[in-house]
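See structure below.
Values quoted throughout were computed directly from the atomic coordinates according to the rules given, and no laboratory measurement underlies them. Keep in mind that what you see is a predicted model, and the values were worked out from it rather than measured. Cβ sites come from the backbone with ideal geometry, for glycine too, and all protein chains shown count toward neighbours.
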């Protein structure tokens, strides 16, 4: 099936450091969604990006959609231990198609 | 409001046995998704329903897997016969498709272990 690639696969940071995960696709995306899954939990929706070049912020989290709509990033400023988990991007390749395919995920560990 | 409800939370069975996983989507949501999560393959979309009709089942691994949605408030995923490689966490998710906010709401998942 379709899958976007995320990098890095794993990231360990000291509490207070910044963190960025990147999502890349070889094809143009209609929109992209980001989810967070805590250890032992289920994915929880964070945000959806639709427009080329769109930037959205949620407190310490900044989400960006590339100009060509083929990549996206999630940046966390000054990480906290509550940020621990796996961050997934998810995409719909075709407008109107409702299947949502998840990226490979980036597992974030925050060292206190 | 109750979220997506899955049962059972944990299932341990022996190879060859039939396994049935259950899901109750959020009331009013017209799309339902079944995902499987493993360390090796990540989150895989198995099948998705829209208005109780299966739209895309291309992710269903093989004929041993089947899914039904007899009404808007219930869906099952059945594995018969089960094999050890089916061991995974199975998530059900629902979504109010057709709106501007088509985010998925996930259930807590079923941890399946096939011995």
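Before moving on, here are some points about what is shown:
- In this structure, residue A:57 and residue B:63 have a Cβ-Cβ separation that, at R0 = 30 Å, corresponds to a calculated FRET efficiency of about 0.05.
- Gyration tensor (alpha-carbon) shape descriptor, the stretch B:7-46, a/c threshold 1.5: oblate
- Once both labels are positioned 7 Å from their Cα atoms along Cα-to-Cβ, the gap between residue A:12 and residue B:76 label points is 4.6 nm.
- A:57, B:103 arranged by Cβ crowding within 10 Å, fewest neighbours leading: A:57, B:103
- Contour excess over end-to-end distance, with Cα ends at residue A:82 and residue A:44 and 0.36 nm allotted per residue: 12.3 nm
- For the stretch A:27-112, convex hull volume per residue from C-alpha positions, Å³: 93 Å³
- Dividing the Cα radius of gyration of the protein assembly as shown by 2.2 N^0.38 Å, with N the residue count, gives 1.02.
- Semi-axis lengths, Å, chain B, gyration tensor of Cα atoms, sqrt of 5 times eigenvalues: 23, 14, 13
- Average partner coverage of A:44-50, which counts Cβ from other chains inside 10 Å: 3
- Anisotropy class of the stretch B:41-87 from Cα gyration tensor, a/c 1.5 cut: prolate
- Counted over chain B, the DSSP beta bridges are approximately 90% antiparallel.
- Spatial offset of the stretch B:35-52 relative to the stretch A:1-76 amounts to 19 Å, using the alpha carbon center of each.
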